Amino acid sequence: MAPLNSRRVAYVTGGSRGIGQAVVRALAAANHHVVAVARNREKLDQLVGELTAAGLGVEPAALDVADSTALTASIEKVIAEHGRLDVLVNNAGITRDGLFLRMEDKDFDDVINTNLRAAFVACRAAARAMIRARWGRIINIASVSGITGNAGQVNYSASKAGLIGLTKSIARELAGKQVTANCVAPGFTVTDMTEPLPPRIKDEVREIIPLRRFGTPREIADAVAFLAGDAAGYITGQVIVVDGGMSM
Ligand code: NDP
């Protein structure tokens, strides 16, 4: 039996950049040992080096979450090495936008496999340790696109709506074991994902956001950190929308 890490252990996919990186920082600052997952090892090593130097507990796991075997093996290794897995944040996500009449099967499948199937695989691999501990937090990063739909994003919004259904079903299955499952649904957030939008489109988007600005990764991470903590123990099966009021 592996020695039990005295800190809560969190596994955060897409932890190298953007929202995921902010989640890694927030959970590490809240005294978790955090496993940060992404494909690009160099970016991960930079982040881990910085946070480790600051005395925080972080380790990298370089893998593609669409590879179910690698993802399952990585989570099982974390549980074996630390003796626990308390928090799972399924944040890794991609877009392959295009009008649906012209969308290729591959662009649909790639988005579903990375954004939705990987979350299912990770939840399945992580749940047993949480059930054993009678404590666990699953937090899936959805999107307002999964609630309202978005032209040019049938694949992406289907993956995010699917994530909401997946989360609610898992919440029902695991509630009796004191394991919660919730979604955070960001609106437009300043990251590499939204950076390529033309300035004209960004201006138009700001016009339809009641708070008149994009969110910051930190603002999304704060909602995730809340759901990961003891203060959120009675919240399960919910979608917390963090979008400056855009979808109200
Ligand atoms: P970024 O593109 O800035 O970062 C994505 C992160 O996920 C990176 O760390 C990336 O690292 C990792 N990643 C992507 N694909 C994979 C993969 N196949 N395997 C492992 N890691 C992967 O995205 P954001 O921070 O903007 O988005 C994070 C989440 O928030 C996503 O699920 C997104 O859909 C959601 N979201 C974002 C919004 C926004 O406005 N930014 C709005 C609503 C939701 P690497 O490339 O090295 O693998």
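Considering each residue of the stretch 183-236, count those that are assigned to a strand (DSSP E or B) and either hydrophobic (A, V, I, L, M, F, W, C) or more than 19 Å from Tyr156 (Cα to Cα) (or both), and give that number. Steps first, please.
Keep residues of the stretch 183-236 that are assigned to a strand (DSSP E or B), which gives 183-186, 189, 215.
This time we only want the ones that are either hydrophobic (A, V, I, L, M, F, W, C) or more than 19 Å from Tyr156 (Cα to Cα) (or both), so: 183-185, 215.
Result for the stretch 183-236: 4.
Scanning the stretch 203-238 for residues that are of a type in the set (Val, Ile, Thr) and in contact with a Ser or Thr (Cβ under 8 Å, 6 or more places away or on another chain) gives Thr216, Ile220, Ile235, Thr236. As a summary of the residue check, Ser6 satisfies the conditions (1) more than 9 Å from the ligand (Cβ to nearest atom); (2) in contact (Cβ under 8 Å) with a residue 24 or more places away in the chain; (3) not in a helix (DSSP H, G or I) except for the one numbered (2).
All conditions but one from (1) more than 19 Å from the chain's Cα centre (by Cα); (2) within 14 Å of the ligand (Cβ to nearest atom) apply to Leu99; the one that does not is (2). All of (1) crowded, with 24+ Cβ neighbours inside 10 Å; (2) over 18 Å from Val242 (Cα atoms); (3) of a type outside the set (Val, Ile, Thr); (4) near the ligand (Cβ under 10 Å from one of its atoms) hold for Arg137 with one exception: (4). Here Glu81 meets the list (1) surrounded by fewer than 15 Cβ atoms within 10 Å (Cβ to Cβ); (2) on the phi > 0 side of the Ramachandran plot almost entirely, failing just condition (2). Checked against the criterion of being surrounded by fewer than 22 Cβ atoms within 10 Å (Cβ to Cβ) and assigned to a helix (DSSP H, G or I), the stretch 55-67 has no qualifying residue.
Read-outs: derived from the displayed coordinates by stated rules, not from any lab. This one's a predicted model, so the numbers in the text were calculated from it and none came from an experiment. In this analysis, Cβ positions are derived from the backbone assuming ideal geometry, glycine residues included, and neighbour counts consider all displayed protein chains.
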